[in-house]
Amino acid sequence: MNWGYLFFLNSFLIGIGLAMDAFSVSIVNGITVPYIKTKDIAVMSWVFAAFQFAMPLIGWTLVHYALSFFNSFRVFIPWIALVLLAFIGSKMIWEGARSLKRKEESKPRDLTAKLLLTQGLATSIDALSVGFTISDYDVWEGLVESSIIGAITFGLCFSGVYIGKKFGRKLSYRAPFIGGGILIAIGIEIWVQGVFFG
């Protein structure tokens, strides 16, 4: 077991790197749902953190017990993230355009369970690959690293919504276009990273 400071520093840096997509989506949620309550922010942050906690462990398990399956599945990870985020972003833009055509202010979105789960999966699926990089860890090291990743994700997502809320009230009808565009851009970024640099 390697519990030195480098282990924790490495886990912390990986956590920040992996949480950036979820942090960006949290800002989008704050922009498009500017009147979200603190309780709902906590639930959203918990969902994103839970996905970021679980994905490296799933990846670690696949490496240890189903290596051939994991290696064949890795190629699809960036594509899945791209499709999910592009779908959510395009839907937001389409709904915003419809409201604009009717000359009405677009209504704030509701953060439904389905939407949160889709966002959580899309922003964390690349964390499966972390399981490959920590394959030499034992179970406890994997759990600790995943817990650190989850905790960082929770904190960043919680603050991200408040950043988005600050801008969301000022942007009003532009929010669906900005939010949708950001989600599509995040999907493309994950795809480019996975396909060309993964």
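A quick yes/no check of all residues on (1) more than 20 Å from ASP136 (Cα to Cα); (2) part of a helix (DSSP H, G or I); (3) at pLDDT 85 or above; (4) in contact with a Gly (Cβ under 7 Å, 6 or more places away or on another chain):
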residue	(1), (2), (3), (4)
VAL47	yes, yes, yes, yes
VAL75	yes, yes, no, no
PRO78	yes, yes, no, yes
ILE88	yes, yes, no, no
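Quick check on the stretch 6-23. Is at least one of its residues closer than 17 Å to ILE125 by Cα and of a type in the set (Ser, Thr, Tyr)? First the steps, then the outcome.
Of all residues in the stretch 6-23, those closer than 17 Å to ILE125 by Cα come to 14-23.
Imposing the further condition that a residue be of a type in the set (Ser, Thr, Tyr) reduces the set to none.
No - not one qualifying residue is present in the stretch 6-23.
Inside the stretch 177-196, residues that are surrounded by 21 or more Cβ atoms within 10 Å (Cβ to Cβ), farther than 12 Å from TRP79 by Cα and not hydrophobic (A, V, I, L, M, F, W, C) make up a count of 2.
Filtering LYS103, LYS107 for residues that are on the phi > 0 side of the Ramachandran plot and modelled with pLDDT under 80 leaves a single hit, LYS103.
Of all the residues in the stretch 4-36, those that are aromatic (Phe, Trp, Tyr), over 17 Å from LEU84 (Cα atoms) and touching a residue at least 24 places away in the same chain (Cβ under 8 Å) number 4. Within the stretch 110-148, the set of residues being part of a helix (DSSP H, G or I) and of a type in the set (Ser, Thr, Tyr) comprises THR118, THR123, SER124, SER129, THR133, SER146, SER147.
GLY30 satisfies every condition listed in (1) in contact with a helix residue (DSSP H, G or I) (Cβ under 7 Å, 6 or more places away or on another chain); (2) over 23 Å from PHE177 (Cα atoms); (3) at pLDDT 85 or above; (4) among the small types (Gly, Ala, Ser) except (2).
The values are calculated or read from the model by the stated rules, or taken from the named source; none is laboratory data. What you see is a predicted model; the values in this text were computed from it and never measured. All Cβ positions, glycine included, derive from the backbone under ideal geometry; neighbour counts span all protein chains shown.
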